[in-house]
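The values are calculated or read from the model by the stated rules, or taken from the named source; none is laboratory data. Note that the structure is predicted; figures quoted are calculated from it, not measured. As a convention, Cβ positions derive from the backbone with ideal geometry for all residues, glycine included, and neighbour counts pool all protein chains shown.
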Amino acid sequence: MDKDSIALVTGAAHRLGRIFALTLAQNGYAILLHYHRSAEAAINTAAEIRALGARVYPVEADLTDSEQIQALFSKIDSLNLPMKVLINSAASMKHENLRSVSAEDWDSALNLNLRAPFLISQRAAERMKEGGVIVNVTDAGVWKTWTGFPAYLVSKSGLEMLTRLQAKAYAPNIRVNAIAPGLVLPSSDTKDEEWEKLISHLPLKHPASNDELASALEFLLHNQSITGQTIFVDGGYSLT
């Protein structure tokens with residue numbers, strides 16, 4: 001338990017970010033709960049965190065804006081709590097056609113999915129002392145050729161390499177790893193039959209549960225000899 005330290009989770013209002021924020025709260029961290037447009041979900045997640053007995057500080061920010069990133073860290077500094085953990089979870093995954101995707105949409109995806117984790121990790125590393133942990137959330141499909149999600153895949157594959165670079169640059173005081181989820185939560189526009197079809201193609205025939213993602217994060221929090229690695233929590237999807 002680390003009740004005197006703060007963990008920053010980006011995109012923490014819902015989906016994977018929420019899972020990671022709740023996991024850290026259960027491990028005793030105070031949570032800097034970042035969100036952008038999901039204000040109602042952020043309120044609900046903050047209430048869940050408080051119910052666990054942890055402190056939580058919701059902060060709205062557009063992570064494609066470097067000034068808003070700096071404001072996020074000004075809030076952390078004002079809390080006068082040592083920063084111990086960063087989870088780079090915020091991301092966008094927009095369906096696009098590589099032949100016609102606009103430069104604006106391309107830049108938007110890379111700015112949030114890759115540039116923001118780079119900048120946020122820099123700011124976090126300035127504040128972390130010995131024992132700091134950074135976890136980047138990538139994707140089990142990062143090396144697949146999903147032609148309908150080009151900007152997303154390029155950004156997430158870049159985040160894989162950034163993880164390795166950060167692990168070397170920030171050692172020995174800070175460990176940097178990645179979690180690559182596979183099928184966990186269906187999107188709002190995914191039909192039940194489509195979701196079941198996707199699951200049927202997994203070697204293990206089941207999506208990752210919230211608890212399984214949580215245990216992957218806890219493993220990375222506590223194992224002091226792992227850095228520069230990616231844990232695939234994907235039911236074997238990366239094998240197909």
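Looking at the stretch 163-178, which of its residues are assigned to a helix (DSSP H, G or I) and either in contact with a strand residue (DSSP E or B) (Cβ under 7 Å, 6 or more places away or on another chain) or at pLDDT below 95 (or both)?
163, 166, 167, 170
Given the options 159, 220, 183, name the one that is out of contact with any helix residue (DSSP H, G or I) (no Cβ under 9 Å at 6 or more places or on another chain) and touching a residue at least 24 places away in the same chain (Cβ under 8 Å).
Result: 220 is the single residue among 159, 220, 183 that is out of contact with any helix residue (DSSP H, G or I) (no Cβ under 9 Å at 6 or more places or on another chain) and touching a residue at least 24 places away in the same chain (Cβ under 8 Å).
Would you mind stating whether residue 109 is farther than 27 Å from residue 130 by Cβ, without any contact (Cβ under 8 Å) to a residue 60 or more places away in the chain and surrounded by fewer than 24 Cβ atoms within 10 Å (Cβ to Cβ)?
no
Tally up the residues in the stretch 59-88 that are on the phi > 0 side of the Ramachandran plot and buried (at least 19 other Cβ atoms within 10 Å of the Cβ), please.
Going residue by residue through the stretch 59-88, those that are on the phi > 0 side of the Ramachandran plot are 80.
Now restrict to residues that are buried (at least 19 other Cβ atoms within 10 Å of the Cβ): none.
Adding up the residues that qualify gives 0.
Checking residue 158 against (1) surrounded by fewer than 17 Cβ atoms within 10 Å (Cβ to Cβ); (2) under 26 Å from residue 37 (Cβ atoms): exactly one of these is not met. Which one?
Of everything listed in (1) surrounded by fewer than 17 Cβ atoms within 10 Å (Cβ to Cβ); (2) under 26 Å from residue 37 (Cβ atoms), residue 158 misses just condition (1).
Tell me, please, whether a residue that is over 22 Å from residue 85 (Cβ atoms) and either free of Cβ contacts under 8 Å to residues at least 40 places away in the same chain or part of a loop (DSSP other than H, G, I, E, B) (or both) can be found in the stretch 223-234.
yes
Name the residues in the stretch 154-172 that are over 30 Å from residue 204 (Cα atoms) and touching a Gly at 6+ places or on another chain (Cβ under 6 Å), would you?
167
Would you please name the residue that is surrounded by the most Cβ atoms within 10 Å (Cβ to Cβ), looking only at residues in the stretch 1-58 that are under 15 Å from residue 88 (Cα atoms) and β-branched (Val, Ile, Thr)?
Taking the candidates together, the pick is 9.
Counting just the residues of the stretch 17-52 that are in a helix (DSSP H, G or I), polar (S, T, N, Q) and within 16 Å of the chain's Cα centre (by Cα), which one comes out farthest from residue 136 (Cα to Cα)? Talk me through it step by step, then tell me what you get.
Within the stretch 17-52, the subset in a helix (DSSP H, G or I) is 17-26, 39-51.
Still in the list and also polar (S, T, N, Q): 23, 26, 44-45.
Of the ones still in play, those that are also within 16 Å of the chain's Cα centre (by Cα) are 23, 45.
Details: 23: 15, 45: 20 Å.
Result: 45.
Checking residue 124 against (1) buried (at least 21 other Cβ atoms within 10 Å of the Cβ); (2) over 16 Å from residue 159 (Cβ atoms), which test does it fail?
Checking residue 124 against (1) buried (at least 21 other Cβ atoms within 10 Å of the Cβ); (2) over 16 Å from residue 159 (Cβ atoms), the one that fails is (2).
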